[in-house]
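No value in this document is a laboratory result; all are computed from the given coordinates. Not measured: the values here are computed from a predicted model. Counting neighbours? That spans all protein chains shown, and the Cβs are built from the backbone with ideal geometry, glycine included.
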Amino acid sequence: MNAQFDLQKEFAEYVRQAYARQQQLHIQGGNSKTFYGRRVSGETLSLRDYSGIINYEPSELVITARAGTPLHIIEATLSEHGQMLGFEPPAYGPTATLGGIIACGLSGPRRPYSGAARDFVLGITLINGKGELLRFGGQVMKNVAGYDVSRLMCGAQGTLGILLDITLKVVPIPAYEETRVLEADETQMQTLLSDLGRRPLPLSATVLDENLLYIRLSGARAGVDAAARVIGGDLLAKPQGDRYWQQIREQEHKFFNRARETDTNLWRLSLAPATKAIPDQLISNQLIEWSGALRWVYSHNDDEALRQWTQQQNGHAIRLNFADASDRTFHPLAPALHALSQRIKNSFDPAGILNPGRLYADL
Amino acid sequence: MSASKSPNLREHRLGRLYPLLLEQLPKDAIITATEELHAYECDAFTTMRQLPLLTVLPDSIEQVQHVMRCCHTLDIPVVARGAGTGLTAGSMPVENGVLLGMSKFDQIHEIDPHNRTALIGPGVRNQAVTDAAAPYNLYFAPDPSSQLACSVGGNVAENAGGVHCLKYGLTVHNILELEIITIEGERITLGSAALDAAGYDLTAIMTGSEGLLGIVVAIRVKLLPKPASARVLLAAFATIEEAGTAIADIIGAGLIPAGLEMIDQTGIRAIEELMHAGYPVDAAAVIICELDGSEAEVEDELASVISILKRLNASDIQVSTNAEESRRIWAARKAAFPALARLAPDNYIMDGTIPRRALAEVWTRINELAEEYDLPVVNVFHAGDGNMHPSILFDSSDEDQHQRAFELGTRILELCVQVGGTISGEHGIGLEKINQMCLQFSSHELSQFHALKAAFDERNLLNPGKQIPTLARCAEFNAMHVHHGEMPFPHLERF
């Protein structure tokens, strides 16, 4: 504990000095998500040794851990007590850390039904770009004292602060889970899921994969059984079902092979769920999650037309290449929003030394 | 404090601002008559009052932009106001500043049943969203006790919770997109119609920012399907410790009730007298627990909860058998504050939130403090998420009582911070709790808040003086508050 506390002070001192000499820093956890953004140059600051669970009280449904704690350790510990992370984050490899997950703001198949990473963040201790050690939020479910800086850190990828201690709300593992498989095309999927979405059914994941619609149900056995009768379709046996959702969560399903094995870009489109189908001329293939709100696609020409279409639908498009970081990963921001984001960045990191350019050229 | 302390500045500002506003706002959207301005001098925290320079009631986004540009040009502060139901003087005007009333933004632009969202103006009442969504079997989850009157814009400003946020989240969990006008009059969209957005999560930072960062002019909220079944259970306890343990055990058993509330004896009696809801008046505490889901799920969970309650010697366990009975139990709970208002001329409501494990300990300590300060404290609160609402009853016309009430309040909030909690769970800071912010945050943290505000509002014109105390203010407060030359909580790490 004391050694780790000293480490906090050491990090702060290190950043203070970097601030003084305008030294850019490349903040790193498990180095498993380099591809998720732009390349960062600078002195590497690794959080891997800043690791360990600080406090976990199952009856409080709250865990506090250091940023460098491997995700699998967190998940195993929670699982021993019948609990889990409600947002089912993808790890992208065994070295993934809690800090990396929160900094990237990644959420998995459960996201539309139980919330995103940011929804579970209760508090964060961080170091800003001046080397100041700051604590925001706390260990309680409700906290409106001051601006919600801890949630702002989610998805900021370390550009606003170096995450140290993270407190998350956790949830009970559902008593029972079952996956149903139905034949459906995109239109049928939308009609069905729009209807199901207005009923209080325990949906916890959906995928449209070619012409098969996979629906996962989670909760008390009685509730799942009742929902399964409404939905119909075939039961996917538990081991296959678990493997299937794990592959979706990690983008290891065969749909993603092309992106993983060749140098092809994969697009992640985030849209209102009932958004119409993406025009055929823009994409060659797609896999749809989140009841339609998340669409993984390969683009025909890999041009910005897909991005324009997404923007017209009031969504945004992320372009991923699993092999490496790339410049145009994230959707461009409207000019006024971009300028505001720069001012916010500047308020946390006036010298621009924290993961500079990770999100956008100047952010 | 009703009249301006600097009449010259007031006249000067009025003279410059009024004609400028008239360029794009009709006369009847600008209120300058003192008798009419009194309606805007405070929110529901009525002990603090201030007349504004004038009140504007715009009815279009362009008009809001114009008001902001005028105020920015003339360096005049702006305070936004929704329905005025806030509890912390957050929308109390600042002296010689503009009060921007958003009540005319009361249109529901769209209910989208397929995306389960509603696009609304900030002046729409919380309950009106749920009513409009009802034909689609949907509702808006945040339900603060003031939901009949409070506006969703105000909910966003305060990150409002309510009795069901244990399961369904706070306002921040239930909004997707915000359209804001900056102090420069610029229009910016935060978030999106999708479940995430590019760039920083600015909907999170706007939610709960108490009007210090921008003016919200449109909100896209999430709608949820109504549960098939909901049952409300009321149970009485002879001791507060057993009630506190029951709360911890229910959550510890892996159950997430839709609501989990606790009321102490004074609260029970006050509510019962007003509402006649059948609350057991001899109990030391009652808990209210709502379970929702499919019929079968609710039955299962009810059985689990009842067995926990019985093990802890609960008596008078009542379970609602229909929607009307559920409504009656909740209506009584939500009437807690009007009921308390009958007990004393003034009521100082705390909003500290603590880890659940500390409930019984903190409750006991609050009662000791109440005795020390010789003022009654009533506890009616959201126990499931540790959000305490101790209410200090006093008479503000008695200066000594007034003083004691505020000191006691500070001691209670100090206690909440000490056990790892926060000074505010859902009511916000406003002006009323601004000193206690100094108990929770270091000067570096406060400076970071100020820097973040400056990124939105460089000249500090939006709701200035609220929510985030200046370092000077904290230095003064802490100096007064230091006990025997020691910093508060010497055992806590400080940086």
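The shape of chain B can be summarised by an equivalent ellipsoid whose semi-axes, obtained from the alpha carbon gyration tensor, come to 37, 28, 21 Å from longest to shortest.
Would you mind putting B:157-166, A:33-42 in packing order, based on average other-beta-carbon counts within 10 Å, highest first?
Final packing ranking: B:157-166, A:33-42.
Overall, chain A carries a charge dipole of about 700 debye about its Cα centre when +1 sits on the Cβ of Lys and Arg and -1 on the Cβ of Asp and Glu, all other atoms neutral. Per-residue mean of foreign Cβ neighbours for A:170-178 is 1 (Cβ atoms of other chains, 10 Å radius). Sorting the segments B:30-41, A:333-344, B:80-91 by their residues' average number of neighbouring beta-carbon atoms within 10 angstrom, most packed first, yields B:80-91, A:333-344, B:30-41. The mean count of C-beta atoms from other chains within 10 Å of the C-beta of residues in B:292-298, rounded to a whole number, is 6.
To one decimal place, what orientation-averaged projected area in nm² is obtained for the convex hull of the Cα set of region B:319-401?
Average of the hull's projected areas for region B:319-401 equals 6.6 nm².
Which residues does a label at A:A351 reach in region A:113-145, if reach means a backbone N under 16 Å from a point 7 Å past the Cα toward the Cβ? It comes to A:127-133, nothing else. Calculated mean residue ellipticity at 222 nm for chain B: -11000 deg cm²/dmol, from DSSP H runs with n ≥ 4 weighted as -39500 (n - 2.57), summed, divided by the residue count and rounded to 500.
To the nearest µm²/s, what D does Stokes-Einstein give for the protein assembly as shown at 4 °C and 1.567 mPa s, using the Kirkwood radius over alpha carbon pairs as Rh? Rounded, D is 47 µm²/s. Cysteine residues of chain B whose C-beta has no other cysteine C-beta under 4.7 angstrom: B:C42, B:C70, B:C71, B:C150, B:C165, B:C289, B:C416.
Need one value for B:112-121: mean number of C-beta atoms belonging to other chains within 10 Å of its residues' C-beta atoms.
Taking all residues of B:112-121 together, the mean is 4.
Against the main long axis of the alpha-carbon atoms of chain B, helix B:471-481 sits at an angle near 40°.
Straight-line cross-link partners of A:K130 among the aspartates and glutamates, defined as a Cα under 13 Å from its Cα and at least 8 positions apart when in the same chain: A:E13, A:D349, B:E445. Charge tally around B:P227: other residues with Cβ under 11 Å, Lys/Arg +1 each, Asp/Glu -1 each, net 0. When you work out D = kT/(6 pi eta Rh) for region B:1-93 at 37 °C and 0.692 mPa s, using the Kirkwood radius from C-alpha pairs as Rh and the Stokes-Einstein form, the result is 238 µm²/s. For A:K142, the lysines whose Cα falls under 24 Å of its own Cα, not counting residues fewer than eight places away in the same chain, are A:K169, B:K167, B:K222, B:K226, B:K334, B:K433, B:K453, B:K466. By definition, a body whose alpha carbon gyration tensor gives a ≥ b ≥ c is oblate when a/c is 1.5 or more and a/b is not larger than b/c, and region B:229-339 fits this oblate description. Ellipsoid fit via the Cα gyration tensor, region A:175-329: semi-axes of 29, 18, 12 Å, each the root of five times an eigenvalue, largest first. Beta-bridge orientation, region B:7-101: approximately 20 percent antiparallel, per DSSP, counting only bridges with both partners inside.
How big is the gap, in Å, between the Cα center of region A:113-149 and the Cα center of region B:225-256? Answer, in whole Å: 28. Of all DSSP-defined beta bridges confined to chain A, some 90% are antiparallel rather than parallel. Equivalent ellipsoid of chain A: semi-axes from √(5λ) of the C-alpha gyration tensor, largest first, are 35, 26, 17 Å. Going Cα to Cα from A:K254, which lysines come in below 27 Å? Please leave out same-chain ones fewer than 8 positions away. Qualifying lysines at Cα under 27 Å: A:K33, A:K238, A:K276.
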